[in-house]
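**Student:** Starting off with a structure, shown below.
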Amino acid sequence: MDTNKPVFTSISEYIAAAPPEVQETLEAIRSVIREAAPEAAEKISYQMPTFELNGNLVHFAAFKKHIGFYPVPSGIEAFAEELSPYKSAKGSVQFPLDKPMPYDLIRRIVEFRVEENKRNAAEKKAAKKK
């Protein structure tokens, strides 16, 4: 384990530790997520900024050349066509720092995930009543 890596306890701490030229982008992403998911709680999970609402909603993180955005596989699948210009994997996408950040797309993915998590929570609750 690398003991030199900082351990973050809040999203504000995480953003403050990022390179100055990336901090503004991280704050903007945080704001977009907050607007799209006002009920979500902020936390650090896997040492990444995370928003939680009936479970993990989305994570994001800064890397040297991109912002990693992690809306779980369903969030990637639902927006596969719009995400096609970006490098992506099963549950993640990379938004290059040298290109305009797709804030509107991020907002719509977060809104999708909010509805998905609310629906899943309601289904779990209904299943428990049976």
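**Student:** So, E116, is that one surrounded by fewer than 16 Cβ atoms within 10 Å (Cβ to Cβ), assigned to a helix (DSSP H, G or I) and at pLDDT 95 or above or not?
**Tutor:** no
**Student:** Looking at this structure, is A18 in contact (Cβ under 8 Å) with a residue 24 or more places away in the chain, over 14 Å from the mean Cα position of the chain (by Cα) and closer than 22 Å to N120 by Cα?
**Tutor:** Taking the combined requirement at face value, the residue does not satisfy it.
**Student:** If V93 satisfies every condition in (1) touching a Leu at 6+ places or on another chain (Cβ under 6 Å); (2) more than 27 Å from P20 (Cα to Cα) but one, which is the exception?
**Tutor:** Answer for V93: the failing condition is (2).
**Student:** Continuing with this model, one more query. Taking the stated definitions as given, is K65 more than 22 Å from R34 (Cα to Cα), more than 15 Å from the chain's Cα centre (by Cα) and either without any contact (Cβ under 8 Å) to a residue 12 or more places away in the chain or buried (at least 18 other Cβ atoms within 10 Å of the Cβ) (or both)?
**Tutor:** For K65, the condition - more than 22 Å from R34 (Cα to Cα), more than 15 Å from the chain's Cα centre (by Cα) and either without any contact (Cβ under 8 Å) to a residue 12 or more places away in the chain or buried (at least 18 other Cβ atoms within 10 Å of the Cβ) (or both) - is not met.
**Student:** Right, here's the next one. I'd like to check something: does the range 83-100 contain any residue that is among the aliphatic types (A, V, I, L, M), within 24 Å of T9 (Cβ to Cβ) and touching a residue at least 12 places away in the same chain (Cβ under 8 Å)?
**Tutor:** No - not one qualifying residue is present in the range 83-100.
**Student:** I want to confirm something. Restricting to the range 1-38 and keeping residues that are surrounded by 12 or more Cβ atoms within 10 Å (Cβ to Cβ) and part of a loop (DSSP other than H, G, I, E, B), which single residue is modelled with the lowest pLDDT?
**Tutor:** F8
**Student:** Can you tell me how many residues in the range 84-107 are farther than 18 Å from A41 by Cα and assigned to a helix (DSSP H, G or I)?
**Tutor:** The initial filter retains those residues of the range 84-107 that are farther than 18 Å from A41 by Cα, namely 84-105.
Checking which are assigned to a helix (DSSP H, G or I) leaves us with 103-105.
Count: 3.
**Student:** Condition first: touching a strand residue (DSSP E or B) at 6+ places or on another chain (Cβ under 8 Å), under 20 Å from Q94 (Cβ atoms), modelled with pLDDT under 95 and not acidic (D, E). Can you find one or more residues in the range 50-73 that meet it?
**Tutor:** yes
The values are calculated or read from the model by the stated rules, or taken from the named source; none is laboratory data. All values derive from a computational prediction rather than experimental measurement. Here Cβ is always computed from backbone atoms with ideal geometry, including for glycine, and neighbour counts include all displayed protein chains.
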